[in-house]
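J.: Before we start, here is the structure in question, set down as structure tokens.
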Amino acid sequence: FPILSDFYLAQLDIDLEVTGTNNLIPSFTLSSFGITIRSKKPWVPPVPFITISDVGTRWVWSWTTVTNSVGGSEKTYSMSGSVFGTFNFGSGGAAPLPVDVDGPDDTGGGGVVRMSDPVAIRTSMSLPNFLIKAYMKEGDYIPLSDLFTYYFGGDGPSTGDRQMNVTSLRLNADPLGQNYYADATIFFGDIKSPDKNQGWDIDLGITHILMEQLQFYIQVISGSVGGGISGVFYLEQDDPADYTLPRFDLSADYPVQNPSAPEGWTIAGSLYPGTSIDLYKIVNKFIYGQAVDSTPPVDWIPQVVIDRLYASFTTGVSGSTNPSYKFGGTITTRWTPTIFN
């Protein structure tokens with residue numbers, strides 16, 4: 001039977017329970033039995049640029065104790081299994097993922113397509129509860145700008161000279177219970193050769209901010225949808241390697257709503273612990289559009305530093321007149337006034 005030659009027995013588990021002895025010879029009963037079957041062969045489905053590898057299945061049979069209809073305990077058997085494999089996007093057949101298109105028109109027609117490394121998405125499905133899990137292999141990444149170029153003829157959102165890369169991707173699905181969850185992280189910069197200026201430089205006119213990464217998530221519970229986005233950025237990128245520079249975490253979350261007490265959106269921002277904001281330097285940068293020495297020119301100007309800062313706003317139910325607010329911070333100051341000359 002040809003297809004069986006592509007699989008092999010990878011693991012066998014047998015648990016035996018001692019049930020008694022007869023003339024010092026123990027007797028056993030089978031407690032559980034597990035078997036794992038795998039294949040080393042890469043499978044090429046009828047889908048371009050995709051192969052499936054590390055395919056396998058595992059099944060476990062075992063005895064378990066349950067409560068019967070009259071409240072007593074009885075033994076019964078249970079069986080569960082899983083099917084797993086790795087989807088390799090950008091492999092198999094013609095070519096892997098495109099990373100650059102050079103041609104006479106925006107679609108790259110007639111040009112040369114340069115390719116990047118495949119991306120592995122490891123997937124498993126458990127039975128009989130039919131739960132699906134998938135995640136991107138650690139170390140792999142998806143270059144978003146290159147995919148925009150290949151499929152849509154443009155780079156997508158402009159991020160300067162910084163490449164957008166999806167560095168993490170996860171998915172959990174419960175189709176029977178109608179529950180789903182997915183999240184992803186986008187990193188701005190060169191994954192293989194990072195430097196201290198990693199990030200998306202956004203020019204606001206009077207100052208610059210450097211966006212390091214964005215995170216997204218979406219959640220569906222029994223048909224109700226929630227999600228959110230958060231980003232990490234910092235100001236004053238004279239030396240981005242200086243981790244004492246002001247760094248901020250901004251987020252917008254819309255959790256799955258409780259119909260009887262909807263929360264709405266929560267917008268929040270906070271200053272990273274260990275970083276601080278020198279108000280004199282920040283104000284001068286906003287006024288004059290350039291960095292200045294953080295030391296005031298005269299000693300009667302107090303040096304004011306924000307060491308902790310947090311703010312959030314929750315919208316509540318649509319049209320509500322009672323949204324909630326939170327705000328907190330810590331300010332320290334050093335002031336050496338000159339008195340009586």
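J.: Among (1) farther than 28 Å from Ser124 by Cα; (2) open to solvent by 70 Å² or more (accessible area, probe 1.4 Å), there is one condition Tyr77 misses while meeting the rest; what is its number?
T.: With (1) farther than 28 Å from Ser124 by Cα; (2) open to solvent by 70 Å² or more (accessible area, probe 1.4 Å) applied to Tyr77, the lone miss is (1).
J.: Here is a further query. Between Phe49, Phe28, which is in contact with a Leu (Cβ under 8 Å, 6 or more places away or on another chain) and open to solvent by 90 Å² or more (accessible area, probe 1.4 Å)? Spell out how you get there, then give the answer.
T.: Details: Phe49 fails: open to solvent by 90 Å² or more (accessible area, probe 1.4 Å).
Just one listed residue meets the conditions, Phe28.
J.: Something else now. Taking Ile287 and the conditions (1) loosely packed, with under 13 Cβ neighbours inside 10 Å; (2) part of a loop (DSSP other than H, G, I, E, B); (3) modelled with pLDDT under 75, which numbered condition does it fall short on, given that it satisfies the others?
T.: Every condition holds for Ile287 apart from (2).
J.: Then there is this: Residue by residue through segment 6-34, note down the ones that are farther than 30 Å from Val55 by Cβ and not in a strand (DSSP E or B). Show your work before the answer.
T.: Filtering segment 6-34 down to residues farther than 30 Å from Val55 by Cβ leaves 16-29.
Selection gives Asn23, Leu24.
J.: Now, a different point. Quick check on this structure: which one of Asp242, Asp201, Asp249, Asp190 is of a type in the set (D, E, K, R), surrounded by 12 or more Cβ atoms within 10 Å (Cβ to Cβ) and modelled with pLDDT of 80 or more? Spell out the reasoning first.
T.: Numbers: Asp242 fails: modelled with pLDDT of 80 or more; Asp201 fails: modelled with pLDDT of 80 or more; Asp190 fails: modelled with pLDDT of 80 or more.
Of Asp242, Asp201, Asp249, Asp190, the one residue that is of a type in the set (D, E, K, R), surrounded by 12 or more Cβ atoms within 10 Å (Cβ to Cβ) and modelled with pLDDT of 80 or more is Asp249.
J.: Among Gly111, Gly177, which is modelled with pLDDT under 65, of a type outside the set (Val, Ile, Thr) and farther than 19 Å from Ile50 by Cα? Working first, answer last.
T.: Details: Gly177 fails: modelled with pLDDT under 65.
When all the criteria are applied, what remains is Gly111.
This table checks each residue for (1) in a loop (DSSP other than H, G, I, E, B); (2) under 27 Å from the mean Cα position of the chain (by Cα); (3) modelled with pLDDT of 85 or more; (4) on the phi < 0 side of the Ramachandran plot.
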| site | (1), (2), (3), (4) |
| --- | --- |
| Lys41 | yes, no, yes, yes |
| Val47 | yes, yes, no, yes |
| Asp54 | no, yes, yes, no |
| Ser91 | yes, yes, no, yes |
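J.: I would also like to ask the following. Restricting to segment 1-16, and then to whatever is of a type in the set (D, E, K, R) and modelled with pLDDT of 85 or more, can you tell me which residue is nearest to Thr64 (Cα to Cα)? I'd like the intermediate steps shown before the answer.
T.: From segment 1-16, those of a type in the set (D, E, K, R) are 6, 13, 15; that's our starting set.
Going one step further and asking which of them are modelled with pLDDT of 85 or more, we end up with 13, 15.
Values: Asp13: 17, Asp15: 13 Å.
Across segment 1-16, the extreme among qualifying residues is Asp15.
The values are calculated or read from the model by the stated rules, or taken from the named source; none is laboratory data. On a predicted model such as this, the values are computed, not experimentally measured, just so you know. Virtual Cβ from ideal backbone geometry, glycine too; neighbours counted across all protein chains shown. Protein only, heavy atoms only, side chains kept; ligands, DNA and RNA dropped before computing areas. Shrake-Rupley method; radii C 1.70, N 1.55, O 1.52, S 1.80 Å.
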